[in-house]
1. So, of the residues in segment 292-309 that are out of contact with any helix residue (DSSP H, G or I) (no Cβ under 6 Å at 6 or more places or on another chain) and not in a loop (DSSP other than H, G, I, E, B), which turns out to be surrounded by the most Cβ atoms within 10 Å (Cβ to Cβ)?
2. Give the residue that is modelled with the lowest pLDDT, with candidates limited to residues of segment 152-164 that are open to solvent by 30 Å² or more (accessible area, probe 1.4 Å) and part of a helix (DSSP H, G or I).
3. Can you find a residue that is at pLDDT below 75, at negative phi and among the β-branched types (Val, Ile, Thr) anywhere in segment 51-59?
4. Test residue 15 against the criterion of being modelled with pLDDT under 80, assigned to a helix (DSSP H, G or I), among the acidic types (Asp, Glu) and surrounded by fewer than 18 Cβ atoms within 10 Å (Cβ to Cβ), and give yes or no.
5. So which of 142, 167 ends up being within 21 Å of the chain's Cα centre (by Cα), under 21 Å from residue 268 (Cα atoms), at pLDDT 90 or above and of a type outside the set (Asp, Glu)?
Amino acid sequence: MAVVFVETEFYKAIEKYNNSLNHRFYEFGHLIIVLLFYELLLLVSFNPHVLAYNGVDAWFKFAQKVVPHGTLLISLALIINWGDLLRMDWMGEKDRFDRRKDNEEKKKKGKDFKPSVKKPFRPNWYYFSFMALEGFVYGSLIIIILPWIVSFLGNIADPNLSIPFSIDESQSMRDYLSNFVQDIALAFGAGFYEEIIFRGLLFMLIAWLAKKSKYFKQLKTDTQTVTRMKITVPKFNPKNSGFWWVVSVGTLIYTLSHYLYPFGDEFSVYTVIYRFLFGLVMFYIFIKRQLAITVWTHTFYDLWYFITL
């Protein structure tokens, strides 16, 4: 009986933790932390002689011709906006989405309508650690296991395939003169911006297009309101062809983005399989565990890469 009690309480605790991931306080709190680390470390270790740190940085450097200071202004805008939402949750204030909903209800019910009071939110600070720990575990497992899987699949596709020691050995700009602090900053930056672009915005766009298409009317979707925006992503349903179409197209775009000249990989069987499988894993984590844990997973994966380089 004692064992059953312990198991029951354990599963209840896990369920409570999983349900907490739906609250935006945890989501935005982690994203702010990652962004702050990225911008502060990059500011401290800035090297004007570095042409581009990675593919994503190259895109933002191109954008600097239009937007001064590159990602800094974008990061500050996100931090201020998300920080204000966290303040509202902490103080028990309603944001514009809540107020709009109250106004709509008031028009329907008239003067008798009394809006509900929003209670101040007090997060379980252990959950913050658990979410980051999840990302650490996933990132560590990926960097250990994925090269073995890619080597196996690569040798099936090409028996004479030469497996590089590192995925980035084939990059045309391998010696980009960065230092260790910059590398840590880049791990946080890639973890945030690549996941926001490829697992967040791109995934939502492809899912939306698939949902609108007459060929994918049966695509089952979940609408997550963790960020108070209508984020629509497909449910994990391996039996649904629409699900695989969305994931495959998104992963393919992510894979090909690593071959943009002159800052990308040299095209090879090994790197294509590696990037594609990595993208699939990250999409799966995004669907099952949401954005913050996906960002931490990518960040810790990159941190392991730079530490073991």
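The values are calculated or read from the model by the stated rules, or taken from the named source; none is laboratory data. Remember, it's a predicted structure, so these values are computed and weren't measured experimentally. In this analysis, Cβ positions are derived from the backbone assuming ideal geometry, glycine residues included, and neighbour counts consider all displayed protein chains. Calculation scope for accessible area: heavy atoms of the full protein, side chains included, ligands and nucleic acids excluded. Shrake-Rupley method; radii C 1.70, N 1.55, O 1.52, S 1.80 Å.
1. Going through segment 292-309, the residues out of contact with any helix residue (DSSP H, G or I) (no Cβ under 6 Å at 6 or more places or on another chain) turn out to be 305, 307-309.
Filter once more, keeping what is not in a loop (DSSP other than H, G, I, E, B): 305, 307-308.
Values: 305: 17, 307: 12, 308: 8.
Filtering segment 292-309 for residues that are out of contact with any helix residue (DSSP H, G or I) (no Cβ under 6 Å at 6 or more places or on another chain) and not in a loop (DSSP other than H, G, I, E, B), the one surrounded by the most Cβ atoms within 10 Å (Cβ to Cβ) comes out as 305.
2. For segment 152-164, the residue satisfying everything is 157.
3. Pass one, segment 51-59, residues at pLDDT below 75: 51-59.
Now restrict to residues that are at negative phi: 51-59.
Subset that is among the β-branched types (Val, Ile, Thr): 56.
Yes; the residues of segment 51-59 include at least one that is at pLDDT below 75, at negative phi and among the β-branched types (Val, Ile, Thr).
4. So residue 15 fails the test.
5. Of the residues listed, the single one that is within 21 Å of the chain's Cα centre (by Cα), under 21 Å from residue 268 (Cα atoms), at pLDDT 90 or above and of a type outside the set (Asp, Glu) is 142.
This table checks each residue for (1) of a type in the set (A, V, I, L, M, F, W, C); (2) closer than 11 Å to residue 295 by Cα; (3) modelled with pLDDT under 70.
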{"site": "175", "(1), (2), (3)": "no, no, yes"}
{"site": "189", "(1), (2), (3)": "no, yes, no"}
{"site": "202", "(1), (2), (3)": "yes, no, no"}
{"site": "222", "(1), (2), (3)": "no, no, yes"}
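Residue-by-condition table, conditions (1) free of Cβ contacts under 8 Å to residues at least 24 places away in the same chain; (2) assigned to a helix (DSSP H, G or I); (3) open to solvent by 70 Å² or more (accessible area, probe 1.4 Å); (4) in contact with a helix residue (DSSP H, G or I) (Cβ under 9 Å, 6 or more places away or on another chain):
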{"site": "83", "(1), (2), (3), (4)": "no, yes, no, yes"}
{"site": "87", "(1), (2), (3), (4)": "yes, yes, yes, no"}
{"site": "99", "(1), (2), (3), (4)": "yes, yes, yes, no"}
{"site": "102", "(1), (2), (3), (4)": "yes, yes, no, no"}
{"site": "107", "(1), (2), (3), (4)": "yes, yes, yes, no"}
{"site": "116", "(1), (2), (3), (4)": "yes, no, yes, yes"}
{"site": "130", "(1), (2), (3), (4)": "no, yes, yes, yes"}
{"site": "136", "(1), (2), (3), (4)": "no, yes, yes, yes"}
